[in-house]
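Notes to accompany the following structure.
The values are calculated or read from the model by the stated rules, or taken from the named source; none is laboratory data. Bear in mind that the values here come from a model prediction, so they are computed numbers and not experimental data. Here the Cβ positions follow ideal geometry from the backbone for every residue, glycine too, while neighbour counts run over all protein chains shown. What goes into the accessible areas is simple: the full protein's heavy atoms, side chains included, and nothing from ligands, DNA or RNA. Shrake-Rupley method; radii C 1.70, N 1.55, O 1.52, S 1.80 Å.
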Amino acid sequence: YFLNTSLSYDATIKKQDAGRYVILDAFGGVYIDHDFIGLRNIEPLLKSYEIVCGSEESDWLAIVGGFFASIPNHRLLKKMIVDLNRPEIACKFPLEAAGPMFVKRNMVEYVLVHGNQGIKVYGNKFFYPIGWYAKEKLWAFQRADLKDAFPESYLIQEYDASWLN
């Protein structure tokens, strides 16, 4: 029943963002945006959790979906898919329709009802050590030096913003 909603999206990025939740719901696994640089094996971060994602801050205030892992058929993903099918959500700006604001709102609503057992939100040092507002700082590094420069990071998002095209 999500297909009709997906076809109504006015921006390709909405379909792509929404698709990650539908696929994770069906199969489980890890979703990583194309503009991440891998530094370390993420497998140790996934153990013992049903849902894993990251925040662009040190706490839950800036949960985003550029890195998102889940077991299949998790209740949070079911909630997100129901929310994706709401016409008043589908017509919003991409960040609200299926992007970071969508992820944060759904996560907070879910945790308020069900608690956060089985959910891990890692702080920014793990995946987002350089925020989108300071992405130019990343350009000062050679890729080979990033692992040493960010010893606690597993991934680093480059924030290429190609979805705006």
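Once the convex hull of the alpha carbons of the chain is built, what does its volume come to per residue, in cubic angstrom? Kindly include the intermediate steps, with their values, before the conclusion.
Details: hull volume 18.5 nm³, N = 165.
Hull volume normalised by residue count: 112 Å³.
Partner lysines whose Cα lies under 19 Å from the Cα of Lys147, excluding those fewer than 8 positions away in the same chain, are identified as Lys125, Lys135, Lys137.
Computing the accessible area with a 1.4 Å probe over protein heavy atoms, can you report the carbon and sulfur percentage for region 97-138?
Details: 1190 of 2090 Å².
It is 57 percent, rounded to a whole number.
What is the angle, in °, between the Cα long axis of helix 12-27 and the longest principal axis of the Cα atoms in the chain? Nearest 10 is fine, range 0 to 90. That works out to roughly 90 degrees. In summary, the lysines within cross-link reach of Lys78, defined as a Cα separation below 28 angstrom excluding same-chain residues under 8 places away, comprise Lys14, Lys15, Lys47, Lys92, Lys104, Lys120.
In the context of the full protein assembly, Ser55 retains an accessible surface of approximately 0 Å², using a probe radius of 1.4 Å and ignoring ligands and nucleic acids. Among Asp35, Asp145, Asp83, which one shows the highest mean-square fluctuation when the chain is modelled as a Gaussian network with alpha-carbon springs under 10 Å? Result: Asp145 has the largest fluctuation of those listed.
Helix 100-114 and the longest principal axis of the C-alpha atoms of the chain enclose an angle of approximately 70°. With K and R counted +1 and D and E -1, the other residues having a Cβ less than 14 Å from that of Lys104 yield a net charge of -4. Considering only Val121, Val22, Val113, the Gaussian network model of the chain with Cα springs below 10 Å gives its largest mean-square fluctuation to Val113. Taking every DSSP beta bridge that has both ends in region 38-165, the antiparallel portion is near 60%. Relative to the longest principal axis of the Cα atoms of the chain, the long axis of helix 75-84 lies at roughly 70 degrees.
Relative contact order of region 43-165: what whole-number percent is it, with Cα pairs under 8 angstrom and at least 6 residues apart? Walk me through the intermediate numbers first.
Values: 145 pairs, mean separation 37.0, N = 123.
Dividing the mean separation by the residue count of region 43-165 yields 30 percent.
Just checking the listed ones, Ile63, Ile119, Ile89: in the Gaussian network model of the chain with Cα springs under 10 Å, the one fluctuating most is Ile89.
Calculate, for region 4-53, the solvent-accessible area per residue in square angstrom, rolling a 1.4 angstrom probe over the heavy atoms of the protein chains. Each residue of region 4-53 exposes 53 Å² on average to a 1.4 Å probe.
I want the local charge near Asp33. Using Cβ-Cβ distances under 10 Å, sum +1 for each Lys or Arg and -1 for each Asp or Glu among the other residues. Let's see the in-between values first.
Details: positive: Arg20; negative: Asp17, Asp35, Glu158, Asp160.
Taking every other residue near Asp33 into account, the sum is -3.
Only aspartates and glutamates eight or more places from Lys79 in sequence, or on another chain, were considered; those with a Cα closer than 20 Å are Asp17, Asp25, Glu50, Glu88, Glu96, Glu109. Over region 12-82, Cα pairs under 8 Å with separation of 6+ residues give a relative contact order of 44 percent.
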